[in-house]
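Q: Here you go, one structure.
The values are calculated or read from the model by the stated rules, or taken from the named source; none is laboratory data. As the structure is a prediction and not an experimental result, all values here were calculated from the model. Counting neighbours? That spans all protein chains shown, and the Cβs are built from the backbone with ideal geometry, glycine included.
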Amino acid sequence: MELVGDILHARFSLEDLELETVQELISRRKRIIKGKPFGVLVERMDVKRSSREARECLGSAESLEDIEAAAIVVDSPFKAGLVNYFLKMAGPEFPTRMFTNRKQAERWLTKQIQ
């Protein structure tokens, strides 16, 4: 994770996403953000498997606090389908969009958090 301006850039490449990993990611994000509202740009999300506990934690209030908007960049139709399913079933309460182009995602996200 890297904070550039008011946008947190996130890249994930994991075989298994477990609760402990999610808790560490939340802790790291809090250290980076320091309670300031921000936008999140998920640039790469390669996860083979995730536990139910990890998914529930990702959807928790603690995990989502201070996020003003999210942009998710996908690179395949399969990932686009997964993201669309997630957004329809359990979409967050802040603006969230999927993109195939990182620059377009950054432009949209910048407008959302101003």
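Q: Do we have any residue at all in the stretch 23-39 that's closer than 17 Å to P92 by Cβ, in contact (Cβ under 8 Å) with a residue 60 or more places away in the chain and assigned to a strand (DSSP E or B)?
A: Yes, the stretch 23-39 contains at least one residue that is closer than 17 Å to P92 by Cβ, in contact (Cβ under 8 Å) with a residue 60 or more places away in the chain and assigned to a strand (DSSP E or B).
Q: Can you find a residue that is surrounded by fewer than 15 Cβ atoms within 10 Å (Cβ to Cβ), out of contact with any Lys or Arg (no Cβ under 9 Å at 6 or more places or on another chain) and closer than 24 Å to L109 by Cβ anywhere in the stretch 16-25?
A: So far as the stretch 16-25 goes, no, none of its residues is surrounded by fewer than 15 Cβ atoms within 10 Å (Cβ to Cβ), out of contact with any Lys or Arg (no Cβ under 9 Å at 6 or more places or on another chain) and closer than 24 Å to L109 by Cβ.
Q: A follow-up question, please. Filter the stretch 85-99 for residues that are in a loop (DSSP other than H, G, I, E, B) and either among the hydrophobic types (A, V, I, L, M, F, W, C) or at pLDDT 90 or above (or both); which is farthest from R55 (Cα to Cα)?
A: So the first thing to find is which residues in the stretch 85-99 are in a loop (DSSP other than H, G, I, E, B), and the list is 91-95.
After this cut, where a residue has to be either among the hydrophobic types (A, V, I, L, M, F, W, C) or at pLDDT 90 or above (or both) as well, the list is 94-95.
On the way: F94: 18, P95: 20 Å.
Checking each candidate, the answer is P95.
Q: Inspect the stretch 61-80 for any residue being in a helix (DSSP H, G or I) and within 16 Å of L17 (Cβ to Cβ) and give the result as yes or no. Walk me through how you get there before you give the answer.
A: Let us first name the residues in the stretch 61-80 that are in a helix (DSSP H, G or I), namely 61-64, 77-80.
Subsequent filtering for residues that are within 16 Å of L17 (Cβ to Cβ) retains 63, 79.
Checked against the condition, which is being in a helix (DSSP H, G or I) and within 16 Å of L17 (Cβ to Cβ), the stretch 61-80 yields at least one hit.
Q: Then there's this: List, please: which pairs have Cβ atoms under 7 Å, are six or more places apart or on different chains, and start with a residue in the stretch 64-79 that is at positive phi and end with one that is surrounded by 15 or more Cβ atoms within 10 Å (Cβ to Cβ)?
A: These pairs meet every condition: D66/I33; D66/F38.
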